Amino acid sequence: MPCDEIVGDLESVNEAGSKFNAGLLQIVIEAFIHPAHLDKVAEYVEQGKAGGAQLLVGGSKFSDAGALYPPTIFTDVIPQTAIAWDEIFGPVLTTFLFRTAEEAIRNANDAPYGRSACVWSMNLSTAFQAIRRIKAGRSWINGMGGGAPQLAIGGHRRSGVGRELGKHGFSEYSELKSTHASLSALPG
């Protein structure tokens, strides 16, 4: 699904408690666990507005919905800005255009975080080539969300250390020890 289709569909999701479905992409809007987190997301949105990104939808707290924030979409985002690079952990979608796959991969890998990546393409060969080169802990092609318990998750760069799930996640809870014994030095 091309970016403009996703953005167009997401424009209609602007009510608290809404659910959005488009193929494999499913989003449910739920409350933040703490008002401070809501305020942090609102700060990022204000930075985006001040930084020249074009606000397409959302962009301000619900007036009477408690700790809910509406889906917010920015277009024309400059890749090196906080709303593009930081892990906001809120319903904020930032989009920016690129001319070549090389430029898109460079933008993704230049970011200080690498928790996840999504590549959308009509050409699966191109998509797999791109996703192999993007440094992210979890990735999807032409979809988002889901997975299996056998598949490890975890970030790259400043997105965290270690892995969860799968055999790699189990290793995080294991303490390995190697012992070498010299048999030639046995007494007797």
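Values quoted throughout were computed directly from the atomic coordinates according to the rules given, and no laboratory measurement underlies them. Being a predicted model, the structure only gives us computed values, none of them experimental. Positions of Cβ are backbone-derived with ideal geometry, glycine not excepted, and every protein chain shown enters the neighbour counts.
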**Request:** At 7 Å along the Cα-to-beta-carbon direction for both Asn142 and Met122, put a label point, then send me their distance in nm to one decimal.
**Result:** 1.2 nm
**Message:** Quick check: pseudo-label points 7 Å beyond the Cα along Cα→Cβ at Phe62 and Asp86, how many nm apart are they?
**Reply:** 2.3 nm
**For Trp140, distant residues with modelled amide H under 5 Å away** = Ala117, Cys118, Val119
**Asked** Per Stokes-Einstein, at 10 °C and 1.306 mPa s, what whole-number D in µm² s⁻¹ belongs to segment 65-123, with the Kirkwood radius over Cα pairs as the hydrodynamic radius?
**Response** 123 µm²/s
**Request:** Let me know the volume per residue of the alpha-carbon convex hull for segment 33-98, in Å³.
**Result:** 73 Å³
